[in-house]
Amino acid sequence: MLTIEWSLASGWEKPYIKPLENLSLHPASSALHYAIELFEGMKAYRGVDGKIRLFRPTLNMDRMARSARRTTLPPSLGVKKPTKALLYVILSPVGSYFASGSFNPISLWADPKYVRAWKGGTGDCKLGGNYGSAIYAQQEALEFGCQQVLWLYGEDHQITEVGTMNLFLYWINEDGENELATPPLDGIILPGVTRQSILDLALNWGEFKVSERYITMSDLTAALEESRVKEMFGAGTACIVCPISKILYKGKHLHIPTMENGPELTTRFLNKLSDIQYGREDSDWTVLVS
């Protein structure tokens, strides 16, 4: 097979011919041509006691099974259903996002012209195609001075996800209640393990209302004008939680007062989940690896 490598430092290298039998992934693989591939974001944590722990691995495996069922293409597209599969597991030390002790808020760019997922699509599966198609919008967000994309959906500009994370809003809702809200799993939201863990913790605490509900940009802007927003943060495996401080929407910068409010709740989730993951607190959410 003719192979030409490219790098940012050197550009295109000299072409060379490489025997196909030396490649672990065949160039005709449907993963490369039709994106019949999936991945999971499960990590192993070396605890304070030196033991290795997996965090809620059954949730990752359940999601992986759902993604696998969704990736099989029908014969009508001129592609046979896969008869073989290849599973890679990356074994390498991964540093914590907050290893340096930083807890910096991020700014978001919200523009409805780009859509991350849609009804009947694969937004609720962890497929590579969902992420590759989002890179262009991410680059445009950087050009506007924002670090991530706040993905909107529908004519009413529903808030769905932030970058590659689930999103949470802690606010005083329309009924005057303290509420932690996140978009519902309606087919376009990825069922994140961290997302579920935050919901489980909050419900167990029983200190405020916990909801899976639709939130639109008009809901958010109205709440900001009335000083009802307390904190807003993303949630995912890589960072656990990530505070949000600014949203660029329709040419206007919306200030989110997350950091001015502690961020008390965001930090509480971070500390609680990292204590469990790193063995500072016993929990049936972790599985020891011998």
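So the values come out like this:
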read-out	value
Lone qualifier among Leu150, Leu169 - being within 13 Å of the chain's Cα centre (by Cα), buried (at least 22 other Cβ atoms within 10 Å of the Cβ) and outside any loop (DSSP other than H, G, I, E, B)	Leu150
Near pairs, Cβ below 7 angstrom, 6+ apart or cross-chain, from region 131-149 (of a type outside the set (A, V, I, L, M)) to any residue that is assigned to a helix (DSSP H, G or I)	Gln148/Ala141
Qualifying residue in region 94-101 (condition: modelled with pLDDT under 90, under 18 Å from the mean Cα position of the chain (by Cα) and loosely packed, with under 14 Cβ neighbours inside 10 Å)	yes
Top-ranked residue in region 268-290 [being within 15 Å of Leu199 (Cα to Cα) and touching a residue at least 24 places away in the same chain (Cβ under 8 Å); ranked as surrounded by the fewest Cβ atoms within 10 Å (Cβ to Cβ)]	Lys272
Number of positions in region 241-259 that are part of a strand (DSSP E or B) and in contact with a strand residue (DSSP E or B) (Cβ under 8 Å, 6 or more places away or on another chain)	12
Among the residues listed as Arg228, Arg213, Arg195, the single one being free of Cβ contacts under 8 Å to residues at least 40 places away in the same chain and basic (Lys, Arg)	Arg213
Some residue of region 204-215 being modelled with pLDDT of 95 or more, surrounded by 16 or more Cβ atoms within 10 Å (Cβ to Cβ) and closer than 17 Å to Thr164 by Cα	no
Enumeration of residues in region 4-49 that are within 21 Å of the chain's Cα centre (by Cα) and on the phi < 0 side of the Ramachandran plot	Ile36, Glu37, Leu38, Phe39, Glu40, Gly41, Met42, Lys43, Ala44, Tyr45
Count of residues meeting criterion [buried (at least 21 other Cβ atoms within 10 Å of the Cβ) and out of contact with any strand residue (DSSP E or B) (no Cβ under 7 Å at 6 or more places or on another chain)] in region 177-189	0
Positions within region 206-218 being at negative phi and either more than 23 Å from the chain's Cα centre (by Cα) or aromatic (Phe, Trp, Tyr) (or both), in sequence order	Glu207, Phe208, Lys209, Tyr214, Ser218
Arg195, sole failed condition from (1) under 12 Å from the mean Cα position of the chain (by Cα); (2) surrounded by 18 or more Cβ atoms within 10 Å (Cβ to Cβ); (3) not in a helix (DSSP H, G or I)	(3)
Any chance Glu225 is modelled with pLDDT of 95 or more, under 27 Å from Phe55 (Cβ atoms) and out of contact with any strand residue (DSSP E or B) (no Cβ under 6 Å at 6 or more places or on another chain)	no
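Let's see how each residue does on (1) surrounded by 14 or more Cβ atoms within 10 Å (Cβ to Cβ); (2) assigned to a strand (DSSP E or B); (3) among the charged types (D, E, K, R); (4) over 12 Å from the mean Cα position of the chain (by Cα):
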| residue | (1), (2), (3), (4) |
| --- | --- |
| Gly120 | no, no, no, yes |
| Gln139 | no, no, no, yes |
| Leu142 | no, no, no, yes |
| Cys146 | yes, no, no, yes |
| Asp175 | no, no, yes, yes |
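The values are calculated or read from the model by the stated rules, or taken from the named source; none is laboratory data. Everything quoted here is computed from the prediction, not taken from an experiment. Positions of Cβ are generated from backbone atoms using ideal geometry, with glycine treated the same way; all protein chains shown enter the neighbour counts.
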